[in-house]
Amino acid sequence: MGIRFTSKSQAWLWAVVLLAFPLVLQSFGNAWVRIADMSLLYVMLALGLNVVVGYAGLLDLGYVAFFALGAYLYGLLASPHLLETFPALMAWFPNGLHLSLWAVLPMAAVLAAFFGALLGAPTLKLRGDYLAIVTLGFGEIIRVFMNNLDQPINITNGPKGLGPIDAVSVLGHPLSKRLDLGFIELPSVTLYYYLFLALVLVSIFVCHRMERSRIGRAWMAIREDEVAARAMGIHTRDLKLLAFAMGASFGGVAGAMFAAFQGFISPESFSLMESVMIVAMVVLGGLGHLPGVILGAVLLAALPEVLRLVAAPLQQLTGGRFDPAILRQLLIALAMIGIMLWRPRGLWPSPEHGQSSPGQRAP
Amino acid sequence: MSEAVLNVRGVGKRFGGLQALSGVDLRIERGQVYGLIGPNGAGKTTFFNVITGLYTPDSGQFELGGQTYEPTAVHKVAQAGIARTFQNIRLFAEMTALENVMVARHCRTSAGVWGAIWRTARFRAEEADTAARAQALLEYVGIGTYAPYKARTLSYGDQRRLEIARALATDPLLIALDEPAAGMNATEKLELRALIDKIRNDQRTVLLIEHDVKLVMGLCDRVTVLDHGQRIAEGTPAQIQRDPLVIEAYLGTGAH
């Protein structure tokens, strides 16, 4: 992980906590584990966006598009919809297209990476606000496509959404069914927790390694000063495209997982608000710093759900005049403003080397 | 005549109605500190930006280390072997001093995504070599102890040194300094002069664009003077100082 373990025992402690966590949660109800599952998906999204925004400094406000692409790819390949639209395909796949997870994961990553580069290519000369506007448009374009591609040929089933989507099977066991281990029963949500946790750990590993590499340094150089980076011989075009593609591939994988987990997807899940939330996770947590990004994602994904618990009693206190949904949004907004006021560089920013100036001159 | 590191002929560049450069020649030999001076608006910076690929020239032949190069893209020029510093220092502020120099090794190294993720033996060897060279360069310019500090926390003079170390890290044939003494006090200027002297003594070649005539005259082996986009003089500092055209360009023709 991005956190430097001071000892092996600390790493073991983390492993035990992360593995036991859903077992404790599930005793309070599966809804809690579900929140943990969604948080893990958001962590993956935030990690992917962090490659683009945190490392390469390219503000992407349409990141949810890649999440949507992954989700629809899995949705189409693992639901009866595609064969209903194209009966001709039925002859080839009489039992329906039910692609396995291991086939879909790389496909989702590659498709999203391709679209990431496609978005990157025309925006190479844009920076900051201008780039944000173009990427925002891209995110909406994808969503609008999903919403309207039910005519003339029904590909995405439009606003009605796609379903039922097959659950993921691991080692022959579909994760939608509970697993009885004899001494303990693991419900579907807990099984998904472990799958998502594994994917998140892989994502963290990849990000961590990239951060401390020649390519990671070049990304950060582009973020800091593009002109200087180019003058040092860095081919900024290729590296920006790589950042877009790599960041997008995380989103694509998370999307495919989301589709399998929910069993149903519709364009509604991929609104601009989602993109904004993912950007907020990265920025609030600590731009470019993995532990911060993870913390931001977990907090912002779980906070709205946890606040339900707070909102309900408050509503009763005020005699039902407060709408809990609005109250929740208000509390989240206050939390975000608070963080930006007291921790402007994020909750857990990268450590400040040499905060105090090291003095006037070298010896 | 010794071997030319940079040899450009007939460089022309026009911005709309302004002929910023016309037919400028420049020949720099190995181990020289070469000065490029001229009054404000003479075309120094334009020339600098042309040879480093920031502006596309309208005409001219460009040779670097005996081979022709096309100054069409900044990163290609850097790869070909011209490293530059900036008039207003442009460091990677949020990266450490060491990382700043390591970044500049980018074009001389080749590790890709695969190597980075799996930490292959080749990747690790390359990283270790990059870090070692970067540390050595920081020590070379005299800021070795500041390696773990973020670039923005260094003092002004040290930021200049860091920029020079970063430029040296690209293994350049020619290192081009754009007004390095700008904003420096007298002590800092003396130290800068010592550093450039040291770089020359290591058989490296330096192109110096500078306003500070005293620094240029004291340091450079040869000097070219630009005025109104044209070369008006070329020679040793002593020759330049006596050149009537140069005196006229700097002081104007007195009212007769």
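The values are calculated or read from the model by the stated rules, or taken from the named source; none is laboratory data. Values in this document were obtained by computation on a predicted structure and should not be read as measured data. For neighbour counting, all protein chains shown are included, and Cβ atoms are generated from backbone atoms with ideal geometry for every residue, glycine included.
Summary table
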| quantity | calculated |
| --- | --- |
| Members of the stretch B:155-201 that are out of contact with any Ser or Thr (no Cβ under 9 Å at 6 or more places or on another chain), in contact (Cβ under 8 Å) with a residue 24 or more places away in the chain, part of a loop (DSSP other than H, G, I, E, B) and within 12 Å of another protein chain (Cβ to nearest Cβ) | B:Thr170, B:Asp171 |
| Single residue of B:Leu195, B:Leu177 found to be closer than 26 Å to B:Val77 by Cβ and crowded, with 23+ Cβ neighbours inside 10 Å | B:Leu177 |
| Residue within the stretch B:48-57 that is assigned by TED's automatic domain parsing to the domain that holds B:Leu207 and over 20 Å from B:Gln230 (Cα atoms) present | no |
| Residue that is farthest from B:Tyr34 (Cα to Cα) [pool: residues in the stretch B:221-256 that are at pLDDT 90 or above and of a type in the set (Ser, Thr, Tyr)] | B:Thr236 |
| Residues that are closer than 17 Å to A:Phe66 by Cα and small (Gly, Ala, Ser), drawn from the stretch A:125-141 | A:Ala132, A:Gly137, A:Gly139 |
| Count of residues meeting criterion [buried (at least 16 other Cβ atoms within 10 Å of the Cβ), facing another protein chain (nearest Cβ under 8 Å) and either touching a Leu at 6+ places or on another chain (Cβ under 6 Å) or within 15 Å of A:Ile215 (Cβ to Cβ) (or both)] in the stretch B:118-142 | 4 |
| Residue selected from the stretch A:63-97 under the condition aromatic (Phe, Trp, Tyr) and either out of contact with any Phe, Trp or Tyr (no Cβ under 8 Å at 6 or more places or on another chain) or more than 22 Å from A:Leu118 (Cα to Cα) (or both), by the criterion surrounded by the fewest Cβ atoms within 10 Å (Cβ to Cβ) | A:Trp92 |
| Residue tally, condition more than 7 Å from chain A (Cβ to nearest Cβ), part of a loop (DSSP other than H, G, I, E, B) and surrounded by fewer than 17 Cβ atoms within 10 Å (Cβ to Cβ), over the stretch B:143-154 | 0 |
| Residue ranges of helices (runs of 4 or more DSSP H) in the stretch B:6-104 with at least 2 members aromatic (Phe, Trp, Tyr) and either crowded, with 19+ Cβ neighbours inside 10 Å or within 14 Å of chain A (Cβ to nearest Cβ) (or both) | B:44-51 |
| Residues of the stretch A:19-62 that turn out to be free of Cβ contacts under 8 Å to residues at least 60 places away in the same chain and surrounded by 24 or more Cβ atoms within 10 Å (Cβ to Cβ), as a count | 0 |
| Condition met for A:Ala198 (without any contact (Cβ under 8 Å) to a residue 60 or more places away in the chain and more than 13 Å from every other protein chain (Cβ to nearest Cβ)) | yes |
| Pairs with Cβ under 7 Å, 6+ apart, first in the stretch A:232-259 and within 11 Å of chain B (Cβ to nearest Cβ), second of a type in the set (Val, Ile, Thr) and assigned to a loop (DSSP other than H, G, I, E, B) | A:Met232/B:Thr170; A:Gly233/B:Thr170 |
